[in-house]
Every structure is written in structure tokens, then in C-alpha cells.
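Step one of this worksheet: look at the structure below.
The values are calculated or read from the model by the stated rules, or taken from the named source; none is laboratory data. All values derive from a computational prediction rather than experimental measurement. In this analysis, Cβ positions are derived from the backbone assuming ideal geometry, glycine residues included, and neighbour counts consider all displayed protein chains. Calculation scope for accessible area: heavy atoms of the full protein, side chains included, ligands and nucleic acids excluded. Shrake-Rupley method; radii C 1.70, N 1.55, O 1.52, S 1.80 Å.
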Amino acid sequence: FSSWHRAPAAVFACGICLALVSGVLVAYSMVVQRYALTHPDQCGGRLRFWGREVRPFFVWCAGMVIYGIGSGGTYSVAGLLIPLSLLSALFVTLLVANLFIAKAMLGEVATPSKKAGAAVVLFGATLSSIGAPTDAPTEYTSDEVAELFGRTAGAAWFIGMGVVVVSCVLAMCIFEVKYPTRDLAASQERLAKLSPGESRPDMSDLRLAPGWLEKLMALVYPGSLGLDEAIVHVCLRAGNAMSTTCSRG
């Protein structure tokens, strides 16, 4: 690293590349795991994976390993070279990579809305990259991390995020119990069987959520995941930053 410190531009560029690689690896791992769980031959059969016939369980495990390399390996190293704000913006390009990988492996259709969303993600990542400061600190001692988390703003942010995530988890649990997914699937199946001009089938025996609540929970589910990742990434970044300073006391 000593030679890199004399060439900050090279360090910055390397961090950007590692962040993008991390996003691609995580996107690939997610598709691999979905391939293992949803493939028609998953029950007792074998799946074609990397040129070999493999049991679905081992395909899923391979996805987990790839996820660990991407989110814990290349991501952690990239976080030591570029600011966390830039790292997060580049990492989220995994959504774009997922679009193409899912199309290739799972046959998912790249709809116009998905393409538009990918364009928005790329545009935001580009703006964040252009505006990112190159002189932002990337190393912190344990005392500095403790001081940052101990500030009123830092403590309030961390506690607030934690409360929101826990609240979302409780809300999702209550929602799943009161409005089971199987009932929603049953209602969609009945609607799919309707003939043109046929009246809406009876749904009184199903526990279905109101339309407004379905739309709200459609935001709560992914939103809670994003907030949870924000907490995890900050903790991971703090831990890595402290670890790099151990050799210097």
C-alpha cells in the first residue's frame, strides 16, 4: 500500500473498480441462489451449473460463497480505498447487473420499466462518482470511530435507523399473519382463470389486504432491507477501518 499512498489517483481508481466488481458478484450470487430454488428440477434432481450436473443445494451454497466474496471481500477492500458514500453508490449498480444476469440465467424479461429503473440507477451512480471527494478519510482509529458513533447526531442516526428497521420487521410479521401470502396467490389464480366477460369470482373466504395496504407494504419490504444494509455497511466499514490501524497501535 505504501506505493499506492503516493499515487492517490491509482488508489481511487482501484477502489472504484473493486466496488463495481463487488456489485456484479453480489448480483450474480443472488441469481444463482434463485436458480437453485426455483428451477423445475430442484426437487431431487440435478442442475446444470458451470458445465456440471450439481444438486440444487450445492448450487445454492455456491451462491452463498460468491455473495460472501462480493459483499465481504471485494466490498471491504474497496471501502478502504474510497469514501463509503461513493462505495455505496457504485455498489448499488448490482441492480443493473442483476437485470442482465437474470435475463441470461433465468430467462427473465427486461421490461421497459426495468430498463428505465436501471438507467436511473446508473445516472445516480454517475453523479455520485463525479461529486465524490477524493480527499475524504478512509481510515479511522477505534477512538475516532467511538467518537463518531458517540456524537449526538451519530447516536441518533444509528438508534433511529435501528428502531425503524425493527418496526418494519414487526409490521411485516403482523402483515404476513393477518394476510397470508397463500391467500393472495389463490386470489391471483382465480383471477387468471376468468374468461372474458365473466364476473369477478368470490374472494370472501380469503384474507386479502386492502389495496392501499398492499401498496404501502410494497415499499416497506424493500425499504426495510435498504435501511438494514445501511446499518450493516456502516458497521462493516467501521470495523474494517479500525482493523487496518491495528498494526500502528
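What the table shows:
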item	result
Accessible surface of Lys215 - all protein chains present, 1.4 Å probe, nearest 10 Å²	150 Å²
For the chain: accessible area per residue (Å², 1.4 Å)	61 Å²
Residue-count net charge about Glu214 - beta-carbon cut-off 14 Å; Lys, Arg +1, Asp, Glu -1	+1
Computed magnitude of the charge dipole of segment 14-157 (debye, nearest 20; Cβ of K, R +1, Cβ of D, E -1)	840 debye
Per-pair calculated FRET efficiency, R0 = 35 Å: Val65 and Arg151 via Cβ, rounded to 0.05	0.40
R0 of 51 Å, Cβ-Cβ distance Thr111-Glu139: FRET efficiency to nearest 0.05	0.75
Stretch gain in nm, segment Ala104-Phe123, where the contour uses 0.36 nm per residue and the Cα spacing is subtracted	4.5 nm
Highest to lowest packing among 200-206, 51-57, 80-86, scored as the average C-beta count within 10 Å	80-86, 51-57, 200-206
Integer Hz, Karplus 6.51/-1.76/1.60 couplings in order for segment 212-218, x for Gly and Pro	5, 6, 4, 5, 5, 5, 5
Spin-label zone in segment 26-40 - amide nitrogen under 14 Å from a point set 7 Å from the Cα of Glu229 along the C-beta vector	26-31
Cut-off under 5 Å, modelled amide H: who pairs with Leu47 long-range	Val54, Arg55
Net dipole in debye of the chain [+1 Lys, Arg Cβ; -1 Asp, Glu Cβ; about Cα centre; nearest 20]	580 debye
Under Karplus coefficients 6.51, -1.76 and 1.60, residue-wise ³J(HN,Hα) of segment 78-92 in Hz, glycine/proline x	4, x, 7, 10, 9, x, 4, 4, 6, 4, 5, 5, 6, 5, 5
Solvent-accessible area, 1.4 Å probe, carbon plus sulfur percent, for the chain	68 percent
Identified option (computed Cα extents along the principal axes in Å; candidates [x] 73, 50, 34; [y] 44, 39, 29; [z] 94, 70, 30)	[x]
For segment 129-181, radius of gyration divided by Kirkwood radius, i.e. Rg to Rh on alpha-carbons	1.26
Charged-residue dipole, Cβ positions (Lys, Arg, Asp, Glu), segment 149-213 about Cα centre, Debye nearest 20	220 debye
Degrees between helix 152-178 axis and first principal axis of the chain (Cα, 0 to 90, nearest 10)	20 degrees
Listed residues Val121, Phe100, Val26: farthest to the positive end of the dipole of the chain (Cβ charges)	Phe100
For Cys246, solvent-accessible area (1.4 Å; no DNA, RNA or ligand), Å²	100 Å²
Computed accessible area, Phe100, all protein chains, 1.4 angstrom probe, square angstrom	140 Å²
Out-of-range pairs (alpha-carbon distance over 24 Å; input Lys178/Lys215; Lys115/Lys178; Lys114/Lys215)	Lys115/Lys178
Computed label-point distance, nm, for sites Ala10 and Leu170 using a 7 Å Cα→Cβ extension	5.3 nm
Length added when fully stretched, Phe158-Lys178, from 0.36 nm per residue minus Cα-Cα	4.2 nm
